[in-house]
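**Q** Here you go, one structure.
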4 protein chains.
Amino acid sequence: MYVFIMKRKWDSVKEKLEKSSASFKSVELYGKQLMIVWPDEEAIRIDDPSIEIKVRVKTPFVLSGNEWKKEKTIVDVNGVEIGGNDVVVAAGPCAVESEEQVFEVAKGVKRAGAKFLRGGAYKPRTSPFSFQGLGPKGIEILTKASESTGLPTVTELLDARDLPYFDRVNMIQIGARNSQNFTLLRDVGKYGKPVLLKRGMGNTVDEWLSSADYVLAEGNGSVVLCERGIRTFEHSTRFTIDIGGMIVAKRLSHLPVCADPSHPAGDRELVRSMALASIAAGADMLLIEVHPEPEKALSDSKQQLTISMFEELMNQIRGLSKVIGRRI
Amino acid sequence: MYVFIMKRKWDSVKEKLEKSSASFKSVELYGKQLMIVWPDEEAIRIDDPSIEIKVRVKTPFVLSGNEWKKEKTIVDVNGVEIGGNDVVVAAGPCAVESEEQVFEVAKGVKRAGAKFLRGGAYKPRTSPFSFQGLGPKGIEILTKASESTGLPTVTELLDARDLPYFDRVNMIQIGARNSQNFTLLRDVGKYGKPVLLKRGMGNTVDEWLSSADYVLAEGNGSVVLCERGIRTFEHSTRFTIDIGGMIVAKRLSHLPVCADPSHPAGDRELVRSMALASIAAGADMLLIEVHPEPEKALSDSKQQLTISMFEELMNQIRGLSKVIGRRI
Amino acid sequence: MYVFIMKRKWDSVKEKLEKSSASFKSVELYGKQLMIVWPDEEAIRIDDPSIEIKVRVKTPFVLSGNEWKKEKTIVDVNGVEIGGNDVVVAAGPCAVESEEQVFEVAKGVKRAGAKFLRGGAYKPRTSPFSFQGLGPKGIEILTKASESTGLPTVTELLDARDLPYFDRVNMIQIGARNSQNFTLLRDVGKYGKPVLLKRGMGNTVDEWLSSADYVLAEGNGSVVLCERGIRTFEHSTRFTIDIGGMIVAKRLSHLPVCADPSHPAGDRELVRSMALASIAAGADMLLIEVHPEPEKALSDSKQQLTISMFEELMNQIRGLSKVIGRRI
Amino acid sequence: MYVFIMKRKWDSVKEKLEKSSASFKSVELYGKQLMIVWPDEEAIRIDDPSIEIKVRVKTPFVLSGNEWKKEKTIVDVNGVEIGGNDVVVAAGPCAVESEEQVFEVAKGVKRAGAKFLRGGAYKPRTSPFSFQGLGPKGIEILTKASESTGLPTVTELLDARDLPYFDRVNMIQIGARNSQNFTLLRDVGKYGKPVLLKRGMGNTVDEWLSSADYVLAEGNGSVVLCERGIRTFEHSTRFTIDIGGMIVAKRLSHLPVCADPSHPAGDRELVRSMALASIAAGADMLLIEVHPEPEKALSDSKQQLTISMFEELMNQIRGLSKVIGRRI
């Protein structure tokens, strides 16, 4: 597959492509006009003065890979930069349950140094008989807490028909179960807001990056890759956090990487170890579940930290970040 | 969790439930009025003359399990019965490519004994730069081939917004990548047509049955569970067909089970072994990719059988079915 | 890597090899003089009239692969041929517990058509505080039952220092946990008796065949490859029987393949499905646990069949074998 | 299962046990007389003044668990303490190749702060046609380098018959492939030297700790548990380092835990990330492959660090250790 980085609009090259038997797709990304052309034998033949450079991409993923874009992408969400020197921590409850709950957590995690408020309004639950989230009401609560604290929000989208409610959400999470829901990926690509893309529990690193390609191919380059544990034979933790896979993704891609230690841990005592390990390995962002009273939570009660446990963890992350030349 | 099987409409019990702190959901399924009630401590307290029987369900899945419904469900698709004594084989190309291709395959597989025509019009491809299927045009071709041969069709749905095109499709496939796309599961539940529900490549048997619950909870009981291989460390086959998991699902559920040997095999030489193994183990249905000229296929070219290989396989399936007291 | 099949003894070629920088190993296998030579660049240069043919082997395994030996190997154990047209069934208790137990099972399984008596005298138990088997006394019981019924025996070896007790055992099993115990593999290679080599629960097909290479490299070509389930995320069965991997092994190798449905099933109801699936897929042999009173067994009580369940299974295997052109 | 911690020798309790139908095993461990007794119904009945305390152990592993021993075990190897406040780093070549190679590495890693010299003399290679190590000559080279630098040695044992050569080795490694070679585990238990016990690539945390039980049951309590990556579907790294599983083991056991980042990484660029992640998560020890000229190494050339890469890594580990209140 080839990425043609264009000097200017592609009218002339497009004409040539249409006459050839090549397949192609144009996209404007990171301020650049790109033309993706394949198969290679056809792409190599196309020549045109409008082409600045032709890059052959040998990986199965194309736009999310760094063969055509060497510099790291920094995803800016309301002034918070993900993928730069600072380690960014997003924290908040697994599920939005009430205004009191969210406000208490939002204030607590902000005080501790979090830069983002997370919280689920639409919950992807294995069973239809489990609590499915507050929906639009949950988004409203999150937004209020965001306005009150100044923390931007990240929350999960399950259905493109709910996008009208995501107007004031700052970053849209695509969960592990929708990591290969290509329809939804295209929809958030078109919607244009920054995307936190979780890796599917049964997906390889290559597939994860190809899923990012679906968002990027719509011209939306603001994607953060989030590792949240894969399915393996080991069940003493809920999922196996794949620190190696996360770092491979970081090295193959120009996109920032995030780790979610709460879901693989499935137990608040382990969250700390997995969070520190992720930062030490090179994660650009962390997504951590915090609840004012975890034992009363409506979902995932065992893996949510208390506010004071979160504060303690943030202190350790602060120290650790310094050692590796970063900050929170 | 409790399933209350009701004698009649639930107005009186509903009133009691609303006064209690129990959660509940009513559904009409297989001609029965059901009320799903939880948590157990609350459900056990509810009593009402409209309740015929209260069944305690201890598995994480509820409606798809056989604790409340002992008799096997037979899914009837245009007169073809899945889950009865006959083994049902669905065959056709991975992707619909042209009218000629589909007609040739449809006639060939019908002659060989297939009872269903399969073929992808909307293709869930890992990369946005791979062939994505013919879409509505593909559905139209399938429908014509179905009318010409009398074989009912099964084809994959990726986006509920495409449902208007599925009007004349007979059975809707939910693919492995959407196996936990709960939004889509609810949508096909409401749409009401029979559903072929593939197991996600990273999903446990319990999760698969819980996904079926999403369809059943909308009152659509016509679900066939389809095993298509799981992700394991072994990569000499494309996926590991989980014969044991398929049989566990059959024993825990009243729903019929289907095996797709084409995707895990990833190689036509292996399809035969996996197909025979699935039938011997107890599969009620098979889903097999057949292409008139596999080496020219636009997708999955290595795993599609020729028509004559399919005929030979059907002869073996016929003999095998007899041995285990079934027919095709 | 190259296999040189020699016309005669290799004195002249050995001299040339010693002068070159090639590595080599000579072995006499299946009545042929072989010289394994690597790396390829060196091997290709060696030429000598004593070499009948030079075969380049591109797989990571060498002797167990079929690049140098196209015809299937039949392993003969006391007149019972494994890998020929007949499907061979070995049956017996998980652990040898008493003379009465073994005699009862031996007579029962023989009557039902088994051709081999299996039974563990040395048991590889996860915990040192579990029943470790009767040891030499167990071997003695097996041998008596073998003499009384005429069934040859297969039993597991854990420690080469116990080989003196294996004098009258007919086939030596190397268990899954020792599948990469290269020391033990070499020892049974030298000992010379037929070997039933189980696949390690975390081993790929390539590794399994490379383990067979350790036995073959000692000149012992009587190896049967036994699939017994691999470790995957799915825990509704004890292990995931890898029917596909077993068939890949059969296609890549000249050695016969066996399936052990008892260990992956972990439940006697599932053993039947997995056994039939294995035969339908192409297994040459089955290894099945049978106990006169499974619920009283000292190990693996849930997965052992009663004698009458075994008889019923054998009837189904008999019918199935016919369909695929084989016999038991 | 019960552990009886005894006040004194067990003659009187042993008599009672022999009269009962209980199974039991006595062991002297960490200066304590212990009696392991099962099943629970029998154990609970035994009473005797020689018993100081009876501890019921509910985990499948017994001696390696912390239900009977709350205080952490510190393994002392020639004055180097593993499991205390200091993080201990063992470094050296994958395989011992020559005296020059080992001396150069030993001096380099010592200068950088390593406390142990590692190096393989007996190599467990997947294929019998790969370099199998220098054997006794390799041990001799390691020993000389150890005497010259003062670093204690850790090296792998594959066969108990080689133990005479391990006289001057300080710590014996049991590799992943022998992690359930119970014969070898008993042998090193009896031999008495400290053991570095790798987790099998297909083994659960519970099985790993049960393997440690085999060593401890022989009275040898000097065991360090080493995580080296498990087999999962993700193949972009050689194995998936299970940081979570390592920490679960540390929390369930009193034994120290070590991480080997070289094998799962399979690539020197990733070793750094995995090493730092392991220390951040709480590993007590690291095992790192270092080679003077990795690209010329006879095995695992891609994953060995150069001496200068190792120095740089040690500087980062030093900083990181401080942050979490430890030292190297």
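**Q** Being within 30 Å of C:Thr59 (Cα to Cα), more than 7 Å from every other protein chain (Cβ to nearest Cβ) and in a helix (DSSP H, G or I) is the requirement here; does C:Ala280 meet it?
**A** In short, no.
**Q** Do we find a residue being part of a helix (DSSP H, G or I), closer than 30 Å to C:Val62 by Cβ and out of contact with any Leu (no Cβ under 7 Å at 6 or more places or on another chain) anywhere in region D:89-96?
**A** no
**Q** Right, next: Kindly evaluate B:Val271 against the criterion of being aliphatic (A, V, I, L, M), in contact (Cβ under 8 Å) with a residue 40 or more places away in the chain, under 20 Å from B:Leu216 (Cβ atoms) and part of a helix (DSSP H, G or I).
**A** Answer is no for this residue.
**Q** Going through region B:273-315 one residue at a time, which ones are modelled with pLDDT under 95 and either surrounded by fewer than 17 Cβ atoms within 10 Å (Cβ to Cβ) or under 20 Å from C:Ala275 (Cα atoms) (or both)?
**A** B:Glu293, B:Glu295, B:Lys296, B:Ser301, B:Lys302
**Q** A further question on this structure: Which residues, taken from region D:263-272, are surrounded by 24 or more Cβ atoms within 10 Å (Cβ to Cβ) and closer than 15 Å to D:Asn315 by Cα?
**A** D:Val271
**Q** Any residue in region D:97-116 that is among the aromatic types (Phe, Trp, Tyr), farther than 19 Å from D:Ile288 by Cβ, in contact (Cβ under 8 Å) with a residue 24 or more places away in the chain and buried (at least 20 other Cβ atoms within 10 Å of the Cβ)?
**A** Checking region D:97-116: not a single residue is among the aromatic types (Phe, Trp, Tyr), farther than 19 Å from D:Ile288 by Cβ, in contact (Cβ under 8 Å) with a residue 24 or more places away in the chain and buried (at least 20 other Cβ atoms within 10 Å of the Cβ).
**Q** Among the candidates D:Ile328, D:Ile288, D:Ile230, which residue alone is outside the structural domain of D:Asp206 (by TED's automatic domain parsing) and either without any contact (Cβ under 8 Å) to a residue 40 or more places away in the chain or not acidic (Asp, Glu) (or both)?
**A** Sole residue among the options that is outside the structural domain of D:Asp206 (by TED's automatic domain parsing) and either without any contact (Cβ under 8 Å) to a residue 40 or more places away in the chain or not acidic (Asp, Glu) (or both): D:Ile328.
**Q** Another one. Can you work out which of the residues in region A:6-32 that are touching a residue at least 60 places away in the same chain (Cβ under 8 Å) and not basic (Lys, Arg) is farthest from the other protein chains (Cβ to nearest Cβ)?
**A** A:Tyr30
**Q** Among the residues in region A:80-93, are any surrounded by fewer than 16 Cβ atoms within 10 Å (Cβ to Cβ) and at pLDDT 95 or above?
**A** Yes, region A:80-93 has at least one match.
**Q** Scan region A:138-149 and tell me whether some residue there is of a type outside the set (D, E, K, R) and closer than 25 Å to B:Phe233 by Cα.
**A** No, the conditions are met nowhere in region A:138-149.
**Q** Can you report the number of residues in region B:1-24 which are among the polar types (S, T, N, Q) and within 31 Å of the chain's Cα centre (by Cα)?
**A** Total meeting the criteria: 1.
**Q** Moving on. Applying the selection to region A:21-45, what residues are buried (at least 18 other Cβ atoms within 10 Å of the Cβ) and of a type in the set (A, V, I, L, M)?
**A** Passing the criteria: A:Ala22, A:Val27, A:Leu29, A:Leu34, A:Met35, A:Ile36, A:Val37, A:Ala43.
**Q** Hey, does region B:251-260 have a residue that's assigned to a helix (DSSP H, G or I) and facing chain C (nearest Cβ under 9 Å)?
**A** Among the residues of region B:251-260, at least one is assigned to a helix (DSSP H, G or I) and facing chain C (nearest Cβ under 9 Å), which makes the answer yes.
**Q** Can you tell which of A:Ile317, A:Ile288 is within 13 Å of chain D (Cβ to nearest Cβ) and either among the β-branched types (Val, Ile, Thr) or in a strand (DSSP E or B) (or both)?
**A** Only one candidate qualifies: A:Ile317.
**Q** Is it true that some residue in region C:257-266 is more than 19 Å from the chain's Cα centre (by Cα), over 27 Å from C:Lys72 (Cα atoms) and at pLDDT below 95?
**A** Checked region C:257-266: at least one residue is more than 19 Å from the chain's Cα centre (by Cα), over 27 Å from C:Lys72 (Cα atoms) and at pLDDT below 95.
**Q** Quick check on region A:51-75: of everything there that is out of contact with any Pro (no Cβ under 8 Å at 6 or more places or on another chain) and more than 18 Å from A:Val248 (Cα to Cα), which residue is surrounded by the fewest Cβ atoms within 10 Å (Cβ to Cβ)?
**A** For region A:51-75, the residue satisfying everything is A:Ile53.
**Q** Filter region B:149-159 down to the residues that are in contact with a helix residue (DSSP H, G or I) (Cβ under 8 Å, 6 or more places away or on another chain) and either of a type in the set (Val, Ile, Thr) or surrounded by fewer than 20 Cβ atoms within 10 Å (Cβ to Cβ) (or both) and list them by number.
**A** B:Thr149, B:Gly150, B:Pro152, B:Thr153, B:Thr155, B:Asp159
**Q** Now a separate question. Taking A:Gly83 as meeting all but one of (1) in contact with a Ser or Thr (Cβ under 8 Å, 6 or more places away or on another chain); (2) more than 30 Å from A:Gln173 (Cβ to Cβ), write down the number of the exception.
**A** Only one criterion in (1) in contact with a Ser or Thr (Cβ under 8 Å, 6 or more places away or on another chain); (2) more than 30 Å from A:Gln173 (Cβ to Cβ) is unmet by A:Gly83, namely (2).
**Q** Go over the candidates B:Lys70, B:Lys16, B:Lys54 one by one and state the one that is over 22 Å from B:Ser278 (Cα atoms) and part of a loop (DSSP other than H, G, I, E, B).
**A** B:Lys70
**Q** Of (1) out of contact with any Asp or Glu (no Cβ under 8 Å at 6 or more places or on another chain); (2) in contact (Cβ under 8 Å) with a residue 40 or more places away in the chain, A:Lys198 satisfies all except one. Which?
**A** So the condition that A:Lys198 fails would be (1).
**Q** What single numbered condition from (1) surrounded by 20 or more Cβ atoms within 10 Å (Cβ to Cβ); (2) over 24 Å from the mean Cα position of the chain (by Cα) fails to hold for A:Asp48?
**A** (1)
The values are calculated or read from the model by the stated rules, or taken from the named source; none is laboratory data. Not measured: the values here are computed from a predicted model. Glycine gets a Cβ as well: all are built from the backbone with ideal geometry, and neighbour counts include every protein chain shown.
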